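To start, the structure under review is shown below, and the notes come after it.
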Amino acid sequence: MCGIFGCVLNDGNAAPIIHAALKKLEYRGYDSVGEATLHNGELCIKKDQGKIDEVHKIHNLDDLPGNLGVGHTRWATHGAPLEVNAHPHVDCSGGIAVVHNGIIENFVELKLELENHGHVFKSKTDTEVIPHLIEETLKANPSLSLTDAVLETVRKLDGSYAIAVISTKEPDKIVCARYESPLVIGVNENAVYCASDIPAFLPLTNRAVIIEDGELVVLSPEGFEIRKIADSSVVVREPKLIDWTPQMAVKQGYPHFMLKEIHEQPACLRNTLRLQEHYLDLMATFLDRAREVFLVACGTSYHACLAASYMFSKLAFLATYPVIASEFVEQHGKSVNIDSTILTVSQSGETADTLASVNCARERAATVLGLTNAIGSTLTRVSRVYIGQQSGPEIGVAATKTFTSQLSVMAQVALRLAKKRGKVSQDEMDFLAEKLDKLPDTVEAIIQTQEEKAKQIAKKYKDAKTFFFLGRGISSATAYEGRLKLMEIAYVPSIAFPAGESKHGPISLVEQGFPVVFICPKDGTRRTLIGNIMEMKARGASIIAVVEEGDEEIKKLADEYMEVPKGIPEVLSPIPYVVPLQLLAYYMAIEKGHNPDTPRNLAKSVTVK
Ligand code: F6R
């Protein structure tokens, strides 16, 4: 996730306005920043790695000349957070500058084609193909307008994008386009703005136009014109009045970042489906070669590892050992060796316990693989291969969207490993790949239909003293995660364990009205799970079930239920089944009057052991 901004002013300097807008977008990414303006027929650029304030201190982002320009605040996806990878990116002539938020999936092919035509690339980004493609289009047809050249260019892009393009060829325009990355336009009497998000221009205007997927917009001193990318036809859309306070605007109208991030999951899952296949394959190759594989992480990331161990076992027939990072050195530090591989999962890439495990593994010559949301973090620097999960910054302390993205990446790696090892048929592969592709829509449907239900259940159980979270098989990982969410933000003591363990001790806690949450996908564990529900009911427990739509048998046993669409394969089930639990935890925190974004005693990144 990155932030883009652009403005065409009737008069005055664009640079300070771009700088202020980027500060408002900093929550979308903050590893590098850049601006480009047009002045006297020349492109002027400043960019560097580092946070906006740091870069401003060194380069002064306010003194670029010109009344038109674009800016970018970056969250690295392709290419490390270095000056050379910071946006704007330019073509060979240095006359076209582009800022981009999104992922161009076919950039490798496009880059090769452009290099064959003599284009020279400076960065490792996917974005850089865009200015070169525009340049190539104009070279082939010099009479084209900038708008038509951008139209032709974006028709060749696969993936997601919100772009803003400026060029010395038409120095009074910004051409923007959108597909699956947000883009909004702001207007007032003195200027027109484009941005990834409304807060960027909210101090300047509250009149905004939302740009839809597949649309291009031209900003000029005359205002804005929207066209459809498919057929260039003009779209008429009037600005809307936005009545958000600046506080609400940063959260896009949601009361808390956590709720916003729960709602962002469909978009984040779509991004994980755009990962470069090469890295997924590389990771699968390393796992295939390993004599023993440890999956190492803390907290929510550990729960992703736990679920992944079922995926690797069930799909690729590979035994892996999920280990809580703070225990790794004690438990395995002496035995880990050159034949061991540790796949380390960390949203932040900076968790001290996780990095201590990595250090121990490296000292003993083991192979370290990484999965993280923070490109440029320590984990990316010490991993032999790493995958950036591309969830965008997560601000709520409780991990939500990063968990489901981690699971999606792990499922993709497990599938590739299974293929490599010949453990799944082509039909099975195709079936699972199709289901994985549909998960963003499934999660979207769950949020739409179950949020109200979660709210009601939270209201009813807000005074409960303790909760159990139970599942079997891969759903025990979902249970652990549901329990962690409820405990950390609603401060409700909760216990999770594989449901089969009940009668080995914990069931003694159960008495009349004791709430027990069961995760009940229709998989091979269902019959025994129903037995576990019955044993809880017999002792007076109140059953809250997360069930498949139409599962009347479990619905009849349950006091409350939340539903998930039918037909989710077992190995993918933690992704949709955790979503109602995230919503339940969120609304429990609200009912109890706690701020879910900043739970007491916790920090987003735990850099001490
Ligand atoms: C829980 C949560 C924490 C983190 C844990 C690991 O909601 O956010 O449990 O999952 O501190 O953090 P990372 O993934 O950054 O290593």
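The values are calculated or read from the model by the stated rules, or taken from the named source; none is laboratory data. Everything numeric in this text was worked out from a predicted model, so none of it was measured. Neighbour counts are summed over all protein chains in view; Cβ atoms, including those assigned to glycine, are modelled from backbone coordinates with ideal geometry. Just so you know, the surface numbers come from the protein's heavy atoms only, side chains and all, with ligands and any DNA or RNA stripped out. Shrake-Rupley method; radii C 1.70, N 1.55, O 1.52, S 1.80 Å.
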Quiz prompt | Subset of region 561-573 [open to solvent by less than 30 Å² (accessible area, probe 1.4 Å) and part of a strand (DSSP E or B)] | solution = Met562, Val564
Self-check item: Residue list for region 95-123, filter: part of a strand (DSSP E or B) and over 20 Å from the mean Cα position of the chain (by Cα)
Solution: Ile96, Ala97, Val98
Exercise. Check Thr245 against each of (1) outside the structural domain of Gly186 (by TED's automatic domain parsing); (2) farther than 30 Å from Met487 by Cα; (3) of a type outside the set (A, V, I, L, M) and name the one condition it does not meet.
Key: (1)
Exercise. Go through region 202-223 and give me each residue that's open to solvent by 10 Å² or more (accessible area, probe 1.4 Å) and among the hydrophobic types (A, V, I, L, M, F, W, C).
Key: Leu202, Leu204, Ile210, Val218
Exercise. Please verify whether region 318-325 includes one or more residues that are surrounded by fewer than 17 Cβ atoms within 10 Å (Cβ to Cβ), at negative phi, of a type outside the set (Phe, Trp, Tyr) and in a strand (DSSP E or B).
Key: no
Exercise. Being at pLDDT 95 or above, within 16 Å of the ligand (Cβ to nearest atom) and of a type in the set (Phe, Trp, Tyr) narrows it down to one of Phe403, Phe497, Phe468, Phe431, so name that one.
Key: Phe403
Quiz item: If we keep just the residues of region 338-354 that are assigned to a loop (DSSP other than H, G, I, E, B) and away from the ligand (no atom under 13 Å from the Cβ), which is most open to solvent (accessible area, probe 1.4 Å)?
Solution: Ile338
Self-check item: Whichever residue in region 272-300 is open to solvent by less than 40 Å² (accessible area, probe 1.4 Å) and under 26 Å from Ser181 (Cα atoms) and, among such residues, is farthest from the ligand (Cβ to nearest atom)
Solution: Arg274
Practice problem: Show the residue pairs that are 6+ apart or on different chains and have beta-carbon atoms under 7 Å apart, the first residue being within region 203-214 and closer than 12 Å to Val235 by Cα, the second being part of a loop (DSSP other than H, G, I, E, B) and open to solvent by less than 20 Å² (accessible area, probe 1.4 Å). | Solution: Ile211/Leu183; Gly214/Ile229
